[in-house]
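The values are calculated or read from the model by the stated rules, or taken from the named source; none is laboratory data. Note that the structure is a prediction, hence the values are computed from the model and not measured. Backbone-built Cβ (ideal geometry, glycine too); neighbour counts: all protein chains shown.
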Amino acid sequence: MTETQIRFDDGAAYERMMGIWSGLAGAVFIDWLKPDKGLRWIDVGCGNGAFSEQLVDRCAPAEIQGIDPSQGQIDFARKRPAARLAKFGIGNAMALPFADNSFDAATMALVIFFVPEPKKGVAEMARVVRPGGTVAAYAWDILGGGFPQEPLRIELRAMGIDPINPPSAEAARIDAMRDLWRGAGLEAVETREITVQRTFADFEDYWEVTLLAASVAPTLGTMSPADRDRLKEKLRARVPADASGRITCSGRANAAKGRVPG
């Protein structure tokens, strides 16, 4: 990625903002996969290890290899409880540093829209998974309005500001994911939507967490204090609190899974 693109280098900030969202969607995703115990997993684009930790906690894996291009994220992941089993290292989704047939399952959690060439990324997951193994992913439907920060993006557009999209946002559309999985030669391809909700203590809590989003931070950083204050008040009106002052927002992800032939 270039400096003008979305970057994830702060594992702690990612945990508070997107790590929690990822966990909510990841729980539904794992239930959908219904994986056997004792599998060898690769978590492609593992980030700070949020999804890898879910695999450790819920799937009794024999092995997990997490790879990500961000050293900051990997450093955070290596401090997680999951690191008692999972191994985390620097890697490229389009050139995985593993031999053919090394794993029973490969996953991408909120990653495919960041892969410059998604077709290569899916092909690489299929390559490193054994025949009969699973290749699966889930990602926010950003172009379809499913991103958890969509309320903020709506208000930015109303102010004449185009929010930054990941470089391969189109790849997260459900039809595109289905085509990618089938194009990689995977069998028994299935897709589904995953909708989750998250509740914040109050608007200030919601606003503070929103500011941590790597996808909006570059845009907010260029705004004048007056424009940021105006944006904040417009967002407050768009996401009204309940009787207790809490703010509840939703996110919608698309997911795909398939089986390696053989």
How many of the residues in the range 36-48 are touching a Lys or Arg at 6+ places or on another chain (Cβ under 9 Å) and either of a type in the set (Ser, Thr, Tyr) or closer than 10 Å to Gln65 by Cα (or both)? 1
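Yes/no per residue for (1) closer than 27 Å to Asp31 by Cβ; (2) small (Gly, Ala, Ser); (3) in contact (Cβ under 8 Å) with a residue 12 or more places away in the chain:
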| site | (1), (2), (3) |
| --- | --- |
| Ala77 | yes, yes, yes |
| Pro81 | yes, no, yes |
| Ala86 | yes, yes, yes |
| Ile90 | no, no, yes |
| Leu96 | yes, no, yes |
| Ala105 | yes, yes, yes |
| Met108 | yes, no, yes |
| Phe114 | yes, no, yes |
Counting only residues that are small (Gly, Ala, Ser), modelled with pLDDT of 85 or more and crowded, with 21+ Cβ neighbours inside 10 Å, which one in the range 5-39 is nearest to Leu110 (Cα to Cα)? Ser22
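May I ask you to list the residues in the range 128-157 that are over 22 Å from Val28 (Cα atoms), among the aliphatic types (A, V, I, L, M) and buried (at least 20 other Cβ atoms within 10 Å of the Cβ)? Walk me through it before giving the result.
From the range 128-157, those over 22 Å from Val28 (Cα atoms) are 128-132, 151-157; that's our starting set.
With among the aliphatic types (A, V, I, L, M) added as a condition, the list becomes 128-129, 152, 154, 156.
Hits for the range 128-157 are Val128, Val129, Leu152, Leu156.
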Restricting to the range 47-92, and then to whatever is surrounded by fewer than 19 Cβ atoms within 10 Å (Cβ to Cβ) and of a type in the set (Lys, Arg), can you tell me which residue is farthest from the chain's Cα centre (by Cα)? Arg84
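Residue-wise test of (1) in contact with a helix residue (DSSP H, G or I) (Cβ under 6 Å, 6 or more places away or on another chain); (2) among the hydroxyl-bearing types (Ser, Thr, Tyr); (3) touching a residue at least 24 places away in the same chain (Cβ under 8 Å).
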{"position": "Asp162", "(1), (2), (3)": "no, no, no"}
{"position": "Leu180", "(1), (2), (3)": "yes, no, yes"}
{"position": "Ala201", "(1), (2), (3)": "no, no, yes"}
{"position": "Val260", "(1), (2), (3)": "yes, no, yes"}
Which one is farthest from the chain's Cα centre (by Cα), of the residues in the range 160-193 that are more than 11 Å from Ala139 (Cβ to Cβ) and modelled with pLDDT under 95? Gly160
Hey, does the range 153-160 have a residue that's under 21 Å from Ser22 (Cα atoms) and not aromatic (Phe, Trp, Tyr)? yes
Please work out which one of (1) part of a helix (DSSP H, G or I); (2) within 25 Å of Lys120 (Cβ to Cβ); (3) not acidic (Asp, Glu) is the condition Gly47 fails and give its number. (1)
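Does Arg228 meet the test of being of a type in the set (Lys, Arg) and under 22 Å from Pro118 (Cβ atoms)?
Numbers: of a type in the set (Lys, Arg): yes; under 22 Å from Pro118 (Cβ atoms): no.
Criteria not met by Arg228.
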For the condition under 24 Å from Thr195 (Cβ atoms), modelled with pLDDT of 95 or more and crowded, with 24+ Cβ neighbours inside 10 Å, what is the one hit in Met125, Met108? Met108
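Identify all residues within the range 68-87 that are of a type in the set (S, T, N, Q) and part of a helix (DSSP H, G or I); write none if there are none. First the steps, then the outcome.
To start, the set of residues in the range 68-87 that are of a type in the set (S, T, N, Q) comprises 70-71, 73.
Scanning the range 68-87 gives Gln71, Gln73.
Scanning for something part of a loop (DSSP other than H, G, I, E, B), of a type in the set (A, V, I, L, M, F, W, C) and surrounded by fewer than 19 Cβ atoms within 10 Å (Cβ to Cβ), does the range 241-258 turn up at least one residue?
Taking the range 241-258 first, the residues part of a loop (DSSP other than H, G, I, E, B) are 241-246.
With the extra rule that they be of a type in the set (A, V, I, L, M, F, W, C), the set shrinks to 241, 243.
Subset that is surrounded by fewer than 19 Cβ atoms within 10 Å (Cβ to Cβ): 241, 243.
Taking every residue of the range 241-258 in turn, at least one turns out to be part of a loop (DSSP other than H, G, I, E, B), of a type in the set (A, V, I, L, M, F, W, C) and surrounded by fewer than 19 Cβ atoms within 10 Å (Cβ to Cβ).
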